[in-house]
1. Which pairs turn up if I take residues in region D:206-232 that are of a type in the set (A, V, I, L, M, F, W, C) and look for partners that are at pLDDT below 85 and surrounded by 13 or more Cβ atoms within 10 Å (Cβ to Cβ) with beta carbon separation below 6 Å, at least 6 apart in sequence or on another chain?
2. With B:V209, B:V215 as the choices, which residue is more than 26 Å from D:W109 (Cβ to Cβ) and surrounded by fewer than 20 Cβ atoms within 10 Å (Cβ to Cβ)?
3. Would you please list the contacts, defined by Cβ atoms under 8 Å and residues six or more apart or on different chains, that run from a residue in region A:153-169 that is closer than 17 Å to B:I80 by Cα to a residue that is of a type in the set (K, R) and part of a helix (DSSP H, G or I)?
4. In region B:43-59, how many residues are among the β-branched types (V, I, T) and over 20 Å from D:E166 (Cα atoms)?
5. Only one of D:K64, D:K39, D:K4 is part of a helix (DSSP H, G or I), surrounded by fewer than 18 Cβ atoms within 10 Å (Cβ to Cβ), among the basic types (K, R) and without any contact (Cβ under 8 Å) to a residue 40 or more places away in the chain. Can you tell me which?
6. Counting only residues that are more than 26 Å from the chain's Cα centre (by Cα) and in a loop (DSSP other than H, G, I, E, B), how many does region A:198-217 have?
7. Report yes if A:L162 is assigned to a loop (DSSP other than H, G, I, E, B) and more than 15 Å from the chain's Cα centre (by Cα), otherwise no.
8. Among the residues of region D:150-173, write down those that are modelled with pLDDT under 85 and within 9 Å of chain B (Cβ to nearest Cβ).
Amino acid sequence: MVAPGIPEVEAAAGEDLGAGSLEQAPHLLAVVDHEPEVAFPIRRLRATLCQHQELVSHVDERHSAQAPAKLEVEQAAVEGERLVEVVYLQHHVIYADEARHRTSIGFAAMDPAIELQGLERRYGERVALAGVTVSVPRGATLAVLGANGAGKTTLLRVLAGLLRPHAGTARVLDAELPRERWKVPAQVGYLGHEPLLYRELSGRENLQYHARLHGVDGSRVADLLAAVGMERRADEPLRELSRGMAQRLAAARAVLHDPPLLLLDEPRAHLDPAAAELLEPLIGRASGRTRVLVSHDVDGALAEANLALGLRAGRQVFAGAVEAEAARELYR
Amino acid sequence: MIAAAGAILRKDLRLELRTKESVPAMTLFTLTVYVLFHFGLDRDSLDGELAAGVLWVTLLLAAVIGVSRLFAAEREQGGIDALLLAPVDRTSLFLAKGAALFLFLVAVEVVAVPAFGLLLLGPGLGGALPELLLILALGDIGIAAVGALVAALAAETRARELIAPLLLLPLLVPVLIACAQATEPFLRPDQGPEDLGRWLTLLTLYDVVFVLLSVAVFDYLLED
Amino acid sequence: MPALPLDEAGKYVAGAYVVFLTLVVVYVAILGAKIARIEREVSALVAEEDET
Amino acid sequence: MYSKGFVPLAIATVVTLATAMGLVFFYAPLDADQGFVQKIFYVHVPMAIVSLCGFVAGGVMAIKHLRSGDSSWDMRSYVAIHISIILGVGVLATGAIWAKASWGHWWVWDEPVLVSFLVVVLLYCVYYPLRFSIEDRERQARYSSVFAIAAGAFVPLNFAAVRMAEAYTHPRVLSQTGGSMPGEMRLTFLISLLAMALLFVTLWKLELTSKHASMQLKRLKRKLAEREVVTT
C-alpha cells in the first residue's frame, strides 16, 4: 500500500525534493490510522512534514471501524525499500515498533519527545531563557542555534533535568519538568562541554562506574569501548588521553544506558573527522534517537536536523524550518 | 540506593588510592599538629584531660582537611552533574561520602593514635583498647555524617574553603566534648573508666540525629 | 560570693539593660533607614512615571 | 502581607515591656545572695530563651520551606535567625556583665548557658556568608534552609553536651533555676519572658514587612524597565 498514496502528498513530494536529495535518501513516511478522531493530528503532521523538506512523506489516512493496522504497517515496512522513517500514531505504537524492527530504522510517533511551552529560566535576576516554545517529534533532530550566551547550554541543562525551569511547561519524554525530574535521567543521554569523567580513572573504570550508577550490565562497557575505538587505550587514566579521546569516551558514557533522547552540546568539538565518523552510529542521526543538537556549525547542524530553534539573548527567534541564511543572522 | 552508594564509594576509594590526596595529607597534618602542641605547650608528655583534648582537637582539625577535599573531584570534574544525570537517589551520595570520610578518618587514626601514644602520651594506650576503639568509631560516625553534610553545603558556595571549617567545627563541639571526656580517664596514669556510659549515650544520640537529619535534607542539596 | 553593694551593682545592672536597649534601638534605626530607602526609591519611581 | 495585626501587637509589646521593667525594679524582691546584680537575670535569661526558640523556630520554618517550596518560608526563617543572632549577641554581652558583677571575671567557662551560646552564635554567624555567597535565589533559599534545619537540631544537642560537661567537671547547682524562685521573682521573670517574646515577634514582623516591601519594589522596577524596553 505504499506505492500509490494520496495525490496531494505525492505532488508535494515531487515539488519539495530536488533530484539530488531524492537520490540520496527519499525519506518515506507511512502513517496508518483508523480512527477518525486522529485525522487532525495526521493533517498537522502532514503540514509539519511539508515544512521539513527532507522528510517527504507518504501519508495514508484511513477511517475504518476496526484497527487492523498491523498488517499494513508490516507490509509498508517490507515493501518500502525506500521507507526510511515510519511515523506512527501513538495508538499503534506497538505495531510501529515492529515496523521499526523490520526496517531497523527509527520512527517517530505523534506523541512528541519534547514539548516546551513558554519555557523560562533565570539566574538570579538575569533571564537566561524566556518564551521558548518548541515541539520535537520522536526520532527527530532539533538543532539549537545561537551566539555565545544565547541560552543554548541552559536549554540543554533544563531538558536534562539539571536545571529547574522557572516558568512555562516542559515535557521531556513522559516526564513533566520539574515535578517528574526523577524520570528523566534514565531516558536521557547528555554530552556536554565537560566529559563528566574522572581524570584519574581510566576510560574503562569511568564507564564501569557509570554503568553501575545506571544499573547497566558491565559487558556493555567493553562493547562501547570498541564502538568508540578506545579499546587499546581503555586502561590509561583519562588525564593521559587527548581531549578528543576523552570526548569519545564521553560519547560512550552518554549512550551507556541506550537513552531514547540525546542532548548534545557541540558533540564534535575536539573530534577529528575519523572519530566523528566513528561516533555517528552512537550519537548521529542514524542512532535512531531523538536528538537536541547545539552547534555553531550552522550548515552542518541544519543538514542533519529536522527542525531548528534559534535563540538570541535567551529569547526564541525562530522554531521550525529555517534557511541557513536566516540562521546565520543569529550570529550577526 | 545501596548499590549506587556502593558504586560511588568504590569510585571514591579508588580515586583516593590513585591520587593519595586526602589520607596522607590528613595524617601528615596530625603529626605536624602534635609537634606544634609539643612546642606550644612546652611539654614532653601529656596525660589526662590535656592529652584527651590535644588528641581530639588534632583529629577534628584533620577532619577539616578531609571535609574540604571531599567534593573536590566531583566539583572539578563534573561528578555532581554525572550523578544527577543517573537515576540514583542523592541520599546514596550522602551515604557514600559519609562512608568514604569515615574510612579516611579510620585510616588516619590507625597512624595518628599510635603516633600520639608514642610522641606525646605519658601513660600507655594499651590498657583500654576496646573502649578507645568504640569511642573513636562513634566519634568518627558523627564527624563523617556532619562532615558529608557540611561538605555538600559548602561545595556550591563561593567561599567554600572558609565556610566548610567555620561550619564544621562549631557543629562538632558536642563530639569533641563527648569524645574528650570519654577518652580522658583512659589517658590518666591511674586508668579507669568514669561515666563512660553517659558520654557514649550522648555520642550515639548525636550520631543518630545527624545521620537521620542529613539523610532527610540531603535531597535538597546539589540540585540545579 | 558576697552580694555587691548597691552602687557597684547598679553600674552592672544599668550596663546590661543599656546593652539590651541599645540593641533594640540600633535594630529599629537600621530598619528605619531601610524603610527610608524604600520610600526614596518609590518616590523616584513615581516622579519618573509622572514625567512620562 | 506581614503587617496584619501589627498595631495591637506593637502596643502589647510596649505595654508588656514597660510592665516588665516596672516589675523588675519596683516589685521583684532582692535576691538573697546576689542582691541587686540579680536584676540582670530578668533580661539575660529571657533573651537567651527567646533567642534559642528563635533558632529552633527558624529551623521549623526552614522545614516548611523545603516541604512546600514556598520561598516566603525561607524569608521567615532567615529573619527569625537574624533576630535570634542579634539577641544572642545581647545574651553574650549581658552574660559577660553578669559574670563580671557576680564572679569578678568577664567570662566564666562553667556557666553552661553562656558557653553554649558562644558556640551557637559562632555557628549561626556562618549563616550569613553561606547565604550570601550563593547567587541563585532558589538555591540560596534551599541551602539556607538546610543549614537552618541542621543548626536548629544542633542547638539542643549542644546544650545537652555543654551542660553535661559543666555539670561533670563543676558540680554546682545554679541558684536561678526555675523551681526554687519565690513567687514575685517568678511572676516578674514570666512577664519579662513574655515581653521578650512579643518584642521578638514584633521585630520579626517589622523586618519581614520591610524585606517584602523592598522585594516588591524591585519587582515593580523590573516590570517598569521591561515596559520601557517594549515601548521604545
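1. Note: pairs meeting the criteria are D:L208/D:Y2.
2. B:V215
3. From residues that are closer than 17 Å to B:I80 by Cα, the pairs are A:G161/A:R181; A:L163/A:R157; A:R164/A:R181.
4. 1
5. D:K64
6. 4
7. It is true that A:L162 is assigned to a loop (DSSP other than H, G, I, E, B) and more than 15 Å from the chain's Cα centre (by Cα).
8. Correct list: D:M164, D:A165, D:Y168, D:T169.
The values are calculated or read from the model by the stated rules, or taken from the named source; none is laboratory data. These figures come from a predicted structure and were not determined experimentally. Methodologically, a virtual Cβ is constructed for each residue, glycine included, from the backbone with ideal geometry; neighbour enumeration extends over all protein chains shown.
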